[in-house]
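Report on the structure given below.
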Amino acid sequence: MEILFLCVVIFLFLLAVFDLSVGVSNDAVNFLNSAIGSKAASFKRVLIVASIGVFIGAAMSNGMMEIARHGIFRPEHFSFYDLICIFMAVMVTDIILLDIFNSLGMPTSTTVSMVFELLGATFVVALIKMAGGIGLGFDDLLNTEKALSVILGIFLSVAIAFFFGTVVQFISRMIFSFNYRSNLKWKIGIFGGICATAIVYFLLIKGAKDLTFMTPEFKAWIKSNTAIIILSCFAVFTVLMQLLHICKVNVLKVIVLMGTFSLAVAFAGNDLVNFIGVPLSGLASYQDFISNGGGDARGFLMGSLNEPANTPIYFLIGAGVIMVVSLATSKKARKVTKTEIGLGSQQDGDEMFGSSRIARRLVRWTLSFLSWVHRVTPVKVRRWFNRRFNVDETIMDQGAAFDLIRGSVNLVLAGALIALGTSLKLPLSTTFVTFMVAMGTSLADRAWGRESAVFRITGVISVIGGWFLTAGTAFIGAGIIVAAMHYGGQWVMLLLAALTIFIIIHSNRRFNKKNDTENSDLLFQTIITTKDKSETWPMLMMYITEQQIGFMSYAEEKFRTITYAFINENAGLLGKTDSNLAKQKTILKNSRRKETLCLRYVPRETAIEKSTWFYLSNNCCMGILYNLRRITEVCKEHVENNFLPLPQSYREEYETIMTSVTTLFNDTLQLMQSGDTAVTGTLRRHCDDIKDLISDTYHRAHDQLRDGDASNVAVLYVYVNMLQETQEMVSSLRKYLRAFAKLLDSDFRSRPAVAARQDVTPLLN
């Protein structure tokens, strides 16, 4: 029995390694975003600074794990077996939950997940114990105050951080404007002094409060001399920053890196309990059980966990190493970081979130309010604000999402608010504060323009909703898993632990494959970041061709699949194809949005000249997709209802048509790959021939439908629909050929010049 429990504890530590990895991958967003988004330094240097901060914070943490030991439950009323079940359920749920959020690129709070996992697991075990008639209530078994404080922290963090982020960034931008280099002079010394002082204050109050060198006497001295410390730091840092500016050092980059370091120290020093607190509590419980339990796992109570425990230094150093390695190697950390940077980017880009009704209404109300403000504001005041907030003068490094002023404000304000909240006993979450400050500063910087506001508000709402979803999912998930473990015993614990490891490994493999696909879209990133507009159209044409070749290959393959599945009455394949076509619509819309965005970076004359054919080609692709979906829907319904199959004579007819259409698709693909528009006319005539063939077949089928056997009416209706949609698809392909040729060559003519002048509907031919 003791051996099995030892295996469970070992599994707890193995799971802790995975938890450290996925936890850091998510929480890295807290301290990396501002430095990466503002390009304060290379990604490698930012990682080095953050890694040093993480390692120092982890290694010098005092390792007090009260939350995991007795912060949620009353350990004196729980047996060793109860707590082992709780600890295992918490670790399994936490790893899976955080990994899901990482894969989606959604930042969440490790503190929220751990607290509600502990609460959910303890709640279920408490129900089991109360059902057994122990004579204790929830007040005796649970400590719900911590959970309530976390919920309160969500609301406080969202409201306070967003408000102050907006206000402080607005004031900072009024002082420095977007052309901040011309407004530094003496201002940079004072600004740098304020920022550096706030960072030091944050480190002393929040980041370093639980580090080993912070003795009670030292803490008391800091508390009694806080004002002197702040004033002294401000004076020293103001002079130092001004001297650095005189020496041509970019003070803003120094501030951003200082802020990154301080947040990394605070994260590792304070949030370490979220990752190793549970396995260390499990180890302490096991040691107490072996020493005093007498082999009765279900009867031995764990009152010893009420005692404080200092974590051995080698655990802290080991945790620090794992966190640093995860920070440097995790691709999911970069995806989570990308989410916040994308939502706060000063430039339009590929928006990660779609549109929602609430976001559309908020934007509409805001625009109405701003219109009113514009009317009542004096003209001189409006002109002054427009000069200070002239986005066209933005100074950013190549590839940056926002400038160094905003990056500095993000880090300094987040640190200051967290430090202030800590001193005032307000449960402000590091994750929530850093994210909402970033959103507030981006709003103040006019980053949420009319073209992107709906998508970004939707993104913010999605992230905030995810925080509450984290709490609910953590509570329910941990409760279900702990019930399975409590009734299933140690073998179920080990099985679920092994299953969790398998899920994480499998998830990482899938993510890496998906990430490789997303990273292949480098051409899009190059187009929207290039400074030379003369290069944008050739690259955009290459990008459009690449995307549309992919779609045409897809359409040809699905057309053959649909035909095969219908003729052979394969309902499963038709259902799978129908679902896949629905997903393809989203892919097409995303591609079109990207291409439309790229079109803005093309020289104006070229954009006007090519836009007609660009939109026509995209519309033709979407039309082909609709044709395939309508064919699939009707065929799927027919086959699923087990109606009569297509007669052999019609099969042979349609297979001939299918062969002609697939050949047309393949010839079109060859044209797109070669860029030889000379064969466009031949292919368009081939389209006409196929349409004539389909038309003749349609009329014969229609006559048969009218005069034929009534038993075949249902399948003939399906056949007629297939012919109609196939003909429309060929028509769309014919239009596409001309549009694509025009994109490649504006002088292309699909017919003689005289005939062209007589053509009154050139776009439809």
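Worth a mention:
- Some residue of the range 476-484 being closer than 30 Å to residue 179 by Cα and in contact (Cβ under 8 Å) with a residue 12 or more places away in the chain: no
- Criterion applied to 205, 246, 229, 255 was being surrounded by 14 or more Cβ atoms within 10 Å (Cβ to Cβ) and free of Cβ contacts under 8 Å to residues at least 40 places away in the same chain, and the one residue passing it is 229.
- Of the residues 593, 685, 604, 629, the single one that is closer than 30 Å to residue 746 by Cβ and either in contact with a Cys (Cβ under 7 Å, 6 or more places away or on another chain) or at pLDDT 90 or above (or both) is 685.
- Of residues in the range 300-351 being of a type in the set (Lys, Arg) and in contact with a helix residue (DSSP H, G or I) (Cβ under 6 Å, 6 or more places away or on another chain), the one surrounded by the fewest Cβ atoms within 10 Å (Cβ to Cβ): 331
A quick yes/no check of all residues on (1) over 29 Å from residue 59 (Cα atoms); (2) at pLDDT below 90; (3) touching a Cys at 6+ places or on another chain (Cβ under 8 Å); (4) not assigned by TED's automatic domain parsing to the domain that holds residue 225:
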position	(1), (2), (3), (4)
174	yes, yes, no, no
177	yes, yes, no, no
180	yes, yes, no, no
183	yes, yes, no, no
186	yes, yes, no, no
190	yes, no, no, no
200	no, yes, yes, no
204	no, yes, no, no
207	no, yes, no, no
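- Among residues of the range 374-426 being among the β-branched types (Val, Ile, Thr) and in a loop (DSSP other than H, G, I, E, B), the one that is farthest from the chain's Cα centre (by Cα) is 377.
- Contact annotation: residue pairs with Cβ atoms under 7 Å, 6 or more positions apart or on different chains, pairing a residue in the range 452-463 that is within 14 Å of residue 432 (Cβ to Cβ) with a partner that is at pLDDT 85 or above and buried (at least 23 other Cβ atoms within 10 Å of the Cβ), are 460/439; 463/435.
- Residue in the range 686-698 that is within 22 Å of residue 557 (Cβ to Cβ) and within 45 Å of the chain's Cα centre (by Cα) present: yes
- Selection of the range 699-732 for residues being over 24 Å from residue 642 (Cα atoms) and in contact with a helix residue (DSSP H, G or I) (Cβ under 6 Å, 6 or more places away or on another chain) yields 727, 728, 729, 730, 732.
- Qualifying residue in the range 222-229 (condition: among the β-branched types (Val, Ile, Thr), in the same structural domain as residue 49 (by TED's automatic domain parsing), over 32 Å from the mean Cα position of the chain (by Cα) and at pLDDT 85 or above): yes
- Scanning the range 697-718 for any residue that is modelled with pLDDT of 90 or more, assigned to a helix (DSSP H, G or I) and among the small types (Gly, Ala, Ser) turns up nothing.
- The sole residue among 162, 155 that is within 34 Å of the chain's Cα centre (by Cα), surrounded by 15 or more Cβ atoms within 10 Å (Cβ to Cβ) and assigned by TED's automatic domain parsing to the domain that holds residue 394 is 162.
- Close pairs from the range 671-695: first in contact (Cβ under 8 Å) with a residue 12 or more places away in the chain and within 26 Å of residue 542 (Cβ to Cβ), partner aromatic (Phe, Trp, Tyr) and in a helix (DSSP H, G or I), Cβ under 9 Å, at least 6 apart: 671/740; 672/740; 677/740; 680/740
- From the list 576, 610, 583, the one residue that fits, being closer than 23 Å to residue 740 by Cα, part of a helix (DSSP H, G or I) and in the same structural domain as residue 743 (by TED's automatic domain parsing), is 610.
- In a residue-by-residue description of the range 633-653, the property of being in the same structural domain as residue 695 (by TED's automatic domain parsing), under 43 Å from the mean Cα position of the chain (by Cα) and within 23 Å of residue 696 (Cβ to Cβ) applies to at least one position.
A quick yes/no check of all residues on (1) modelled with pLDDT of 80 or more; (2) surrounded by fewer than 21 Cβ atoms within 10 Å (Cβ to Cβ); (3) not assigned by TED's automatic domain parsing to the domain that holds residue 297:
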residue: 11; (1), (2), (3): yes, no, no
residue: 35; (1), (2), (3): yes, no, no
residue: 53; (1), (2), (3): yes, no, no
residue: 67; (1), (2), (3): no, yes, no
residue: 74; (1), (2), (3): yes, yes, no
residue: 77; (1), (2), (3): yes, yes, no
residue: 87; (1), (2), (3): yes, no, no
residue: 94; (1), (2), (3): yes, no, no
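The values are calculated or read from the model by the stated rules, or taken from the named source; none is laboratory data. On a predicted model such as this, the values are computed, not experimentally measured, just so you know. Cβ atoms come from the backbone with ideal geometry, glycine included; neighbour counts cover every protein chain shown.
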